[in-house]
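Novice: Below is one structure. I have some questions about it.
The values are calculated or read from the model by the stated rules, or taken from the named source; none is laboratory data. For clarity, every value in this text was computed on a predicted model and none was experimentally measured. We work out accessible area using only protein heavy atoms, side chains counted, and drop any ligands, DNA or RNA first. Shrake-Rupley method; radii C 1.70, N 1.55, O 1.52, S 1.80 Å.
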Amino acid sequence: MVIDGAWGATVVDAEGNEYVDTMTGLWCVNIGYSQQAVGDAAVEQLCCLPYYPHTPANEPAALFAQELTRVLGGDLKRMYFTKVL
């Protein structure tokens, strides 16, 4: 099977067959495919600051930390982002 396109929770193979995507993994997210708002946010961020090491602070990380603190509650003073392999 060769996947040729996707939108929402649907993927389409090269022959035009449609499937509901029930896979999980690194890039399979619960917002679905082809979300314009996600693409717009990615372009905006790439134009502003495409990459910076996570050791010093940057505005997107600080805003994310603030939102996590709000959602999780409490009074978090420090947050460190990393990836788990």
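Novice: Using Cα pairs under 8 angstrom and six or more residues apart, how large is the relative contact order of the chain, in percent?
Specialist: That works out to 17 percent.
Novice: Taking all protein chains as present, what is the carbon and sulfur share of the accessible area of the chain, in % to the nearest whole number, probe 1.4 Å?
Specialist: 61
Novice: Check which residues have an amide H placed less than 5 Å from D21's amide H, if you skip close sequence neighbours.
Specialist: T10, V11
Novice: Also, quick follow-up: Mind checking the full-extension length gain between L63 and Q36? Use 0.36 nm per residue of separation minus the Cα-Cα distance, one decimal, nm.
Specialist: Here the answer is 7.6 nm.
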